[in-house]
Number of protein chains: 2
Amino acid sequence: MDSEGFREAAVSSIDEIISYFDNISTRSVVSTVEPGYLRKLLPSTAPEDGEPWADIQRDMEAKILPGITHWQHPGFHAFFPCATSYPSILGELYSSALSGACFNWICSPAVTELETIVLDWLARMLGLPDCYLSTGPTRGGGVIQGSASEAVVTAMVAARDKYLRETTPTDLSEEAHDDFVAHKRSRMVALATTMTHSSTKKAAIILGVRFQAIPVRAEDNYALTMPVLAAALANCRARGLEPFFLTATLGTTDTCAVDDFAGITAALESHNPPTPQASFDMNMHKWLLTNFDASCLFVRNRNWFIQALSINQAIYSTGNSGSASPSDGGLVTDYREWQIPLGRRFRSLKIWFVMRTYGVKGLQAYIRRTTALGEDFAAWMRAREDLFEILTGPSFSLTVFRVKGATEEESNARTKRLCDGVNASGKIWVSNTVLDGKFAIRMMTGVRATEKEHVEAAFKLLVDMAGEIVKS
Amino acid sequence: MDSEGFREAAVSSIDEIISYFDNISTRSVVSTVEPGYLRKLLPSTAPEDGEPWADIQRDMEAKILPGITHWQHPGFHAFFPCATSYPSILGELYSSALSGACFNWICSPAVTELETIVLDWLARMLGLPDCYLSTGPTRGGGVIQGSASEAVVTAMVAARDKYLRETTPTDLSEEAHDDFVAHKRSRMVALATTMTHSSTKKAAIILGVRFQAIPVRAEDNYALTMPVLAAALANCRARGLEPFFLTATLGTTDTCAVDDFAGITAALESHNPPTPQASFDMNMHKWLLTNFDASCLFVRNRNWFIQALSINQAIYSTGNSGSASPSDGGLVTDYREWQIPLGRRFRSLKIWFVMRTYGVKGLQAYIRRTTALGEDFAAWMRAREDLFEILTGPSFSLTVFRVKGATEEESNARTKRLCDGVNASGKIWVSNTVLDGKFAIRMMTGVRATEKEHVEAAFKLLVDMAGEIVKS
């Protein structure tokens, strides 16, 4: 594919993408293909000779799009939004053209520096404390990770090593040191709640440390509170375990609960651990119009990460003469020491494009608009108390509800039927969860294309179908 | 930015990208900005109001491109290629438009199924054994990871858990079991060589297990051999350590050495470990014209990964009624259990576009052409034995050499001066390493834009500058 061939292909692809977005509501939200559909449509080996772009592009519509579930569809009310936007797409376009494995500053200074700058922009926009700014008082700053799971693994490694440094005596023989650390590792436990995202449990598995999920309660709206945490910490201590990591969440996975941060701080202070590391991670690729992946991790003190993750290898030392170089010399940020991978994509570009194109006000307006849609939906639900019970919310555009029934079993059965029924319509897609044995539907209104008319239509579909289920 | 605004912006961006590639050789390969250059050019907070695209695009050329080191430049001879290509860029374009957090099959069946299919294509193209095919006899198959580092962490977690499962007695009390495992973990050691990529060491740090780098020798061309590995294993055993993981490499980081796989197998067999897991990882984003990130990991038996990494959480169970669903039911692949992250980008699209556009023959022709350029370069070096000494290669388009001198110190000093000198020219960029105390230049000829004339010009620059250094 030469320059002219690329120009034609790209312009045609852009037209297809615009047409895709302009007509997305005519498609079934969730794909209806059968497992294994694509293997029947594609050859089992790569072609020997190159194929023209027109053939490939035709297959996009004919073979790939039927297998796509449309996360940007106005009727996508499942899970959480996984946004994209036109400026974000442009960011990926430039990023893929400027491809490099930017593992240190000189490998492309703009890749490191723009990341630092836009994450400072984001920290200020979110109103985070100054300790998370690269220019703040604590050698903090932000780094873009591929996913929250990677961010949690990275933060947990830094926390584990900091905990071991601060609690291991320095005067032991090598053998005694090894035994001490081995025993301590076997007693260390990472904590989260039963509503926390699974990434904390997965990180503990990866590190090979214990994990404990603290049960949270309906009467606390499924948030972690001071007394519940204090009791969990005391219970760990009584069993000889050493809690070293806790994930607290603003907007949990199942219900968008907000853990009680002030209460958590109080519980941790009386527990008297070493200085908490206090990382903050937020997926901009969820609700801030930036396409997957852009998990923004803010650290309070980068040294805690660097001490855990630094690897020095001659080939990556780009001070050619071995003398002071901007990279590797402490003069600039080496993000490879803040993350699992060595190389890095130019992810900050799309964030920069999005923040500049929408502006702070544009992003605020979008968040407020989709939050208001969630409040509308919850108000309509409350007006139909004859049919529905709201279990949590509205919180961050999410309402969790179920169909009423004479018994728990009847309510569960009706809610499952409703969930399956509306999803089979192809018009909307909702997800579900189980809260204290109660099967519940999660209705999220955060997708950019979702307008009031779509939420009204979704509500009407839910009411009509629930009415039929209750009658039958 | 509405559809029409996006169309204009995208077409204009495409033109800029074409112009960037068509004129890339007029730019300095390596960026010449000073640390902190970008902070001086950008505001310290995000704009309150949105800005027009024209302003953003102007800043790309004025503020970002000066801070880019051009990995696609024909004079980029450093490290390794980090490719992109027009079809790969189109893949990212579509992928960013279809953005979703595709953590299971139903979240977009095409994302899972195309990945399985194109990794089977790739396995066949590479001539990998059948055990790495999704349709093979061992429940194997491929998964696209964000980086080799993530692939190594994932493989090491699976290997650790498999080793613990197979070596821990099943009849212990809970306390005795915990003590046994804690002690065993403290004795387990991951192995690599002194030439292996740093990701193995980093993975061991993340898992909190011991790491040992086996020294490899110049007389073995820096490859790992049977006697060296056998001695290292015996040494571990003598110290009470339990080797459970080894990275063997086809093309090591420093010199592109090829470890002796047959010899390694023989050494491992006499060491008598549990069945080896034998994962194979290859970064398609290095030499196969697919932009970063596309690290293709092939596993021999997916169960070893799933047993280690499986997380079940009600919200991700999309069998709404709780009954059999394609996802979560074992009928389809759930790639979230083969990797660290939960969500996934549609990375297979760019691989599919690249393999179809170039065809197997096109990719072979490119690899052979750039390998031949490396052989040309090495031949020219050998013809100037008065100036240069080749330490390793040519291997996979990489030659590692140094300037001769009367003493080691003189040779090192001259080679450092040459490395700094040619890099300061802006015409080429080479990287360096240190082999047994010998400072050496790495010259790689694998970039797609690199033609014979560029390698000739680079050679001439090296000869001229080395001649001056030797004279002075």
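The values are calculated or read from the model by the stated rules, or taken from the named source; none is laboratory data. Small disclaimer: the values here were computed from a predicted structure and weren't measured. Positions of Cβ are backbone-derived with ideal geometry, glycine not excepted, and every protein chain shown enters the neighbour counts. We work out accessible area using only protein heavy atoms, side chains counted, and drop any ligands, DNA or RNA first. Shrake-Rupley method; radii C 1.70, N 1.55, O 1.52, S 1.80 Å.
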Quick check: anything in segment B:100-107 at the interface with chain A (Cβ under 7 Å from one of its Cβ atoms), modelled with pLDDT under 95, outside any helix (DSSP H, G or I) and closer than 16 Å to B:G146 by Cβ? yes
I need the full set of residues from segment B:118-133 which are in contact with a Leu (Cβ under 7 Å, 6 or more places away or on another chain) and in contact (Cβ under 8 Å) with a residue 60 or more places away in the chain, in order please. B:A123
Test: residue in segment B:400-416 that is open to solvent by less than 10 Å² (accessible area, probe 1.4 Å), closer than 19 Å to B:S31 by Cβ and in contact with a strand residue (DSSP E or B) (Cβ under 7 Å, 6 or more places away or on another chain): no
B:E61 fails exactly one of (1) part of a helix (DSSP H, G or I); (2) open to solvent by less than 40 Å² (accessible area, probe 1.4 Å), namely (2)
Determine which single condition B:S149 fails, assuming it passes every other condition in (1) farther than 21 Å from B:R302 by Cα; (2) buried (at least 24 other Cβ atoms within 10 Å of the Cβ). (1)
Verdict on B:T84 being within 7 Å of another protein chain (Cβ to nearest Cβ) and touching a strand residue (DSSP E or B) at 6+ places or on another chain (Cβ under 8 Å): no
Cβ-Cβ distance below 7 Å, separation of 6 or more or different chains: which pairs start in segment A:345-362 with a residue that is more than 20 Å from A:S99 (Cβ to Cβ) and more than 8 Å from chain B (Cβ to nearest Cβ) and end on one that is polar (S, T, N, Q) and outside any helix (DSSP H, G or I)? A:V354/A:S85; A:V354/A:T290
From the options A:A223, A:A203, A:A182, A:A213, residue that is closer than 16 Å to A:C236 by Cβ and small (G, A, S): A:A213
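Conditions tested, residue by residue: (1) among the basic types (K, R); (2) farther than 30 Å from A:A158 by Cα.
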| site | (1), (2) |
| --- | --- |
| B:Q145 | no, no |
| B:R160 | yes, no |
| B:D178 | no, no |
| B:S186 | no, no |
| B:L191 | no, no |
| B:V216 | no, yes |
Enumeration of residues in segment A:158-173 that are under 10 Å from A:W304 (Cβ atoms) and either open to solvent by less than 40 Å² (accessible area, probe 1.4 Å) or among the β-branched types (V, I, T) (or both): A:A158, A:A159, A:D161, A:K162
Filtered residue count, segment B:333-343, keeping only those that are of a type in the set (D, E, K, R) and in contact with a strand residue (DSSP E or B) (Cβ under 8 Å, 6 or more places away or on another chain): 0
Those residues of segment B:1-50 which are over 32 Å from the mean Cα position of the chain (by Cα) and open to solvent by 50 Å² or more (accessible area, probe 1.4 Å), in sequence order: B:M1, B:D2, B:E4, B:R7, B:E8, B:K40, B:L41, B:P43, B:S44, B:T45, B:E48, B:D49
If you go through B:F459, B:F401, the only one that is touching a residue at least 60 places away in the same chain (Cβ under 8 Å) and either away from every other protein chain (no Cβ under 14 Å) or not β-branched (V, I, T) (or both) is B:F459
Taking the options B:V216, B:V228, B:V189, name whichever one is more than 14 Å from chain A (Cβ to nearest Cβ), under 25 Å from the mean Cα position of the chain (by Cα) and open to solvent by less than 50 Å² (accessible area, probe 1.4 Å). B:V216
Output the residues belonging to segment A:103-126 that are farther than 23 Å from B:R58 by Cβ and open to solvent by 10 Å² or more (accessible area, probe 1.4 Å). A:I106, A:R124, A:M125, A:L126
Select, from A:A449, A:A457, the only residue that is assigned to a helix (DSSP H, G or I), open to solvent by 20 Å² or more (accessible area, probe 1.4 Å) and under 16 Å from A:S25 (Cα atoms). A:A457
Run down B:G393, B:G374, B:G421 and say which single residue is open to solvent by less than 60 Å² (accessible area, probe 1.4 Å) and over 30 Å from B:S85 (Cβ atoms). B:G421
When B:S28 is run through (1) among the small types (G, A, S); (2) free of Cβ contacts under 8 Å to residues at least 24 places away in the same chain; (3) not in a helix (DSSP H, G or I), the failure sits at (2)
Which listed residue is of a type outside the set (D, E) and within 21 Å of A:G146 (Cβ to Cβ), from B:I117, B:I144: B:I144
Across segment A:121-134, which residue is farthest from B:P43 (Cα to Cα) among those that are more than 7 Å from every other protein chain (Cβ to nearest Cβ) and assigned to a helix (DSSP H, G or I)? A:C131
Single condition A:T69 does not satisfy, out of (1) farther than 30 Å from A:L133 by Cβ; (2) buried (at least 24 other Cβ atoms within 10 Å of the Cβ); (3) more than 7 Å from chain B (Cβ to nearest Cβ); (4) touching a helix residue (DSSP H, G or I) at 6+ places or on another chain (Cβ under 6 Å): (3)
Is it true that B:G50 is free of Cβ contacts under 8 Å to residues at least 24 places away in the same chain and at the interface with chain A (Cβ under 7 Å from one of its Cβ atoms)? yes
If only one of A:I306, A:I311, A:I264 is among the hydrophobic types (A, V, I, L, M, F, W, C) and at pLDDT below 90, which one is it? A:I311
What pairs come up if the first residue lies in segment B:404-424 and is assigned by TED's automatic domain parsing to the domain that holds B:A466, the second is aromatic (F, W, Y), and their beta carbons are under 6 Å apart, counting only those six or more places apart or on different chains? B:N412/B:F439; B:T415/B:F439; B:K416/B:F439; B:N423/B:W429
